[in-house]
Every structure is written in structure tokens, then in C-alpha cells.
């Protein structure tokens, strides 16, 4: 029986994924979380064999940082990251952590998800072909992890105050991050910066 910790924002999607995994006789979901900051604490207590994470899971820890942290704390565990096809820069960062970290696109079938979990446990590399292409064609990402966090929230329509609360920053710091992002992307506005970053696979 393989023990799974699941990290996914949105209760409906999280519980749906948990149901898919728990339906298998050899898989058991031992925890369901909605924030990256919760994962290391719960993982240390539950000692999962596999951690399944949404690439956009909110929190102060980025997913690559979280994967590194889990690798140090739980050397016997593996991580499967679910992400869309646009995350080229993120894909590159995660691909370097293979085979302990696998990457699967969010349009994968339930069967592919379950089989990917089993492959990782067997020590096999899991890297979706579409994600691999995105990683190979991604331009170098000029944005820092924190700038990407701020821009992702801005892309969801969150105002500076809300972003500041979510990331434990001041509103002024958030505005400074957004100004730097606009300058780095060569955009004229925040909206244009978001479009450039999304098209380049930086967020």
C-alpha cells in the first residue's frame, strides 16, 4: 500500500483527485492540503510515499522549493507535480529533480495519473512529453520566485492589498515587485506583463 499526500487548491478538485487515487487497491490518500506551507509539516507527520502537488498550489514556498525541502526531509519519498503545458520555466526546474520528482500535465487521464504514481515509486522517470517540449523551448526566466508569485496572483485579478495579505508582504512591496516585473518583461502595463509572462511559460 502506497501512502499519498495530496496538495491541490479548490476542495472540489482536491476531493475528486483524492477519490481517483483512493479507488486503487494499492493507494491510500493520507492527507489533503490546500497550501504549500502545510505540506512539510504534515508530510513529516504522515510520512507519505508519494506527494502529489498542483503546480499552482498557493503559499510562501514555491513548488520547486517545496520539492527540494521534501527531498531533504523525506529522502524515501517521491513527488508528482501536475501542471499545465505553459509552465516551461517551471518544467525545467522540476525536470532537474527527476526521477524523484515527476511532472504530468493536468489534461492527463485518471489512468495516467495512477500509473505515474506507480512509476515514480518504482524509481522510473515521469516527464510528460508536452511538458518536456515546453521546458526545452522555454526562454530563460528573468523573474524571481517572489515576482512570479506576485504576478500569478495579479493574473487571477487580485488587487495589491489582497496579494500582500496572501504573501505576507506590504502593499508597497507588492507594487514594487509589479513595477520590476513590468520593466523586466519590457511591457507597458501590468496586463501586458502578465500576457508576456504566460506566453513565455514564466508563470
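Throughout, read-outs are computed from the coordinates displayed, never taken from laboratory work. From a predicted model like this one, the values you see are computed outputs, not experimental measurements. Counting neighbours? That spans all protein chains shown, and the Cβs are built from the backbone with ideal geometry, glycine included.
Put the Cα centre of the range 177-196 next to the Cα centre of the range 13-41 and the gap is 35 Å.
By the count of neighbouring beta-carbon atoms within 10 Å, fewest first, 200, 179 end up ordered 179, 200. Taking the C-alpha atoms only, the angle from helix 145-155 to the longest principal axis of the chain is near 80 degrees. Remark: relative contact order (the range 145-199) = 30 percent; criterion is Cα-Cα distance under 8 angstrom and separation of 6 or more residues. Neighbour counts of other Cβ atoms within 10 Å put 1, 83 in the fewest-to-most order 1, 83.
Here is the size of the range 2-137 from its Cα atoms: Rg then Dmax, 13.3, 39 Å. Percentage of Cα-Cα pair distances in the range 145-199 greater than 14 Å, rounded to whole percent? The answer is 44 percent, as a whole percent.
Assuming R0 = 22 Å, can you tell me the calculated FRET efficiency for the pair residue 35 and residue 109, based on Cβ-Cβ distance, to the nearest 0.05? Efficiency for this residue pair is about 0.20. Entry note, the chain: the mean residue ellipticity at 222 nm calculated from DSSP H runs of n ≥ 4, each adding -39500 (n - 2.57), is -15500 deg cm²/dmol after division by the residues and rounding to the nearest 500. Please compute the contact order of the range 2-137 in relative form: average sequence separation of alpha-carbon pairs under 8 Å and at least six residues apart, divided by the residue count, as a percent. Rounded, it is 21 percent for the range 2-137.
Return 117, 103, 29 ranked ascending by Cβ neighbour count within 10 Å, so the fewest neighbours appear first.
29, 117, 103
Dividing the radius of gyration of the alpha carbons in the range 1-49 by their Kirkwood radius gives 0.96 for Rg/Rh.
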